[in-house]
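Report on the structure given below.
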Amino acid sequence: MNVCLSVIVPVYNIAPYVRRCIESLLCQSFSDFELLIIDDGSTDGSAAICDEYAGKDKRVRVFHQENAGLSCARNKGLEHASGTYIAFVD
């Protein structure tokens, strides 16, 4: 899927905040984007919340990996990004 913008969101143990983050991105008036969520080995339920949104919105894709840190999570997002432009939200 080629889109204008790939938004990459690294996630690690932010269950209290992740819904608000995802909702704020999905509610934008600009819709030509993909949301790539990289779960970096969360242990607090964040991963399940992210998977929930991937099941509801085709723009959302979630990738799970063992905890490797912010840089590795960003790089994983870059590997899967198809947008002309890249944005990071972390």
Legend entry - Length gained when the stretch T43-E79 is fully extended (0.36 nm per residue, less Cα-Cα span): 10.6 nm
Legend entry - Among I22, G45, G77 - extreme Cα towards positive end, dipole of the chain, charges at beta-carbon: I22
Inset, instruction - State to the nearest 20 debye the size of the charge dipole of the stretch 15-90 about its Cα centre, where the only charges are +1 on K and R beta carbons and -1 on D and E beta carbons. - result: 180
Inset, instruction - Starting from the residue with the highest accessible area, list V9, V62, V89 in decreasing order, probe 1.4 Å. - result: V89, V62, V9
Inset, instruction - Could you look at the stretch 20-89 and say what percent of its accessible area is carbon and sulfur, using a 1.4 Å probe and all protein chains? - result: 51
Legend entry - Mean separation of Cα contacts under 8 Å (6+ apart) over length of the chain, as relative contact order %: 46
Inset, instruction - Multiply the residue gap between V89 and Q28 by 0.36 nm, knock off their C-alpha separation, and tell me the result in nm, one decimal place. - result: 20.5 nm
Inset, instruction - Calculate, for the chain, the solvent-accessible area per residue in square angstrom, rolling a 1.4 angstrom probe over the heavy atoms of the protein chains. - result: 56
Legend entry - Contour excess over end-to-end distance, with Cα ends at R20 and D57 and 0.36 nm allotted per residue: 11.8 nm
Inset, instruction - Would you please classify the overall shape of the chain from the alpha carbon gyration tensor, given that a ≥ b ≥ c denote the square roots of the eigenvalues, rounded means a/c under 1.5, and beyond that prolate means a/b larger than b/c while oblate covers the rest? - result: oblate
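The values are calculated or read from the model by the stated rules, or taken from the named source; none is laboratory data. The model shown is predicted, which means the values in this text are computed figures rather than measured ones. Neighbour counts run over all protein chains shown; Cβ positions are idealised from the backbone, glycine included. The area values use the complete protein model at the heavy-atom level, side chains included, leaving out ligands, DNA and RNA. Shrake-Rupley method; radii C 1.70, N 1.55, O 1.52, S 1.80 Å.
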